[in-house]
Amino acid sequence: MARFVDIHPDNPQPRLVQQVVDALLDDQLIAYPTDSGYALGSRIGNRAGRDRILRIRGLDDRHHFTLVCKDFSQLGQLVHVNNAAFRAIRSATPGPYTFILPAMPEVPKRLLHPKKKTVGVRIPDHRFVQQLLEALGEPLLSSSLILPGESEPRTMGWEIKEDLDHEVDVVVEAGETPAESTTVVDWSSGEPEVIRRGAGDPDRFA
């Protein structure tokens, strides 16, 4: 049965944030709110976490996972960013964008697209997520909580608790969450290609 953690959206209680961090460090899987709906998250080093996310979402190994970062400095340690991408991504973050880029050697191969050797990265504009990442001290392996047969991410913590009570370990509630996914921009070829239009303005990458 999943633990439900109700956190203040504007002033997240450090004690409760630490409870979520402790769960992640214990290799548990969390469902948590972002600036573009709910997501599933685990530590990068949690091998079972990756497989659980794929199983819940009904996805295969070609799925592009996202590494959620607290700032641009952390993002730059995970992926190769050319000068044009650097300026564009820097100006768009934090915000509801996911960027697909070639991964650095430090990123575990099991998290990469098997052919392209790329990975998604993003910096959410969400107070709880920022405090979670600060306390965790490392990026978070993540994927939008879009269930099989659905097209948008979940937005209500209590509904997730009901539907995934035995699939995840922790469900975090932290205020209202938009129902729109991130805008996904593929920079892996050196030029931006918008492959999903979502909450972030895609025209800035046209």
Members of segment 53-84 found to be of a type outside the set (A, V, I, L, M, F, W, C), buried (at least 19 other Cβ atoms within 10 Å of the Cβ) and not in a loop (DSSP other than H, G, I, E, B), listed by number: Thr66
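When segment 85-96 is examined, which residues are found to be polar (S, T, N, Q) and either touching a Gly at 6+ places or on another chain (Cβ under 7 Å) or surrounded by 18 or more Cβ atoms within 10 Å (Cβ to Cβ) (or both)?
Step one: of segment 85-96, the residues polar (S, T, N, Q) are 91, 93.
Listed by number, the list holds a single entry, Thr93.
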Could you look through segment 152-168, keep only residues that are over 15 Å from the mean Cα position of the chain (by Cα) and assigned to a loop (DSSP other than H, G, I, E, B), and pick out the one that is surrounded by the fewest Cβ atoms within 10 Å (Cβ to Cβ)? His166
List the number of the failed condition for Gln130; all other conditions in (1) farther than 29 Å from Pro12 by Cβ; (2) in a helix (DSSP H, G or I) hold. (1)
Would you confirm whether or not segment 126-149 contains a residue that is crowded, with 18+ Cβ neighbours inside 10 Å and touching a Cys at 6+ places or on another chain (Cβ under 6 Å)? yes
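Return yes when Gln28 is of a type in the set (S, T, N, Q), in contact with a Gly (Cβ under 9 Å, 6 or more places away or on another chain) and open to solvent by less than 50 Å² (accessible area, probe 1.4 Å) and no when it is not. Give the derivation first.
Values: of a type in the set (S, T, N, Q): yes; in contact with a Gly (Cβ under 9 Å, 6 or more places away or on another chain): yes; open to solvent by less than 50 Å² (accessible area, probe 1.4 Å): yes.
When the stated conditions are applied, Gln28 passes them.
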Would you point out the residue of segment 169-195, among those that are open to solvent by 80 Å² or more (accessible area, probe 1.4 Å) and part of a strand (DSSP E or B), that is farthest from Phe128 (Cα to Cα)? Glu193
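Which of the following residues is within 17 Å of Gly37 (Cβ to Cβ) and touching a helix residue (DSSP H, G or I) at 6+ places or on another chain (Cβ under 9 Å): Val185, Val172, Val129? So that I can check it myself, show each step before the final result.
On the way: Val185 fails: within 17 Å of Gly37 (Cβ to Cβ); Val129 fails: touching a helix residue (DSSP H, G or I) at 6+ places or on another chain (Cβ under 9 Å).
Selected residue: Val172, the only one of Val185, Val172, Val129 that is within 17 Å of Gly37 (Cβ to Cβ) and touching a helix residue (DSSP H, G or I) at 6+ places or on another chain (Cβ under 9 Å).
The values are calculated or read from the model by the stated rules, or taken from the named source; none is laboratory data. As the structure is a computational prediction, the values presented were derived from the model and not from experiment. Glycine gets a Cβ as well: all are built from the backbone with ideal geometry, and neighbour counts include every protein chain shown. Accessible surface areas use protein heavy atoms only, side chains included; no ligands, DNA or RNA. Shrake-Rupley method; radii C 1.70, N 1.55, O 1.52, S 1.80 Å.
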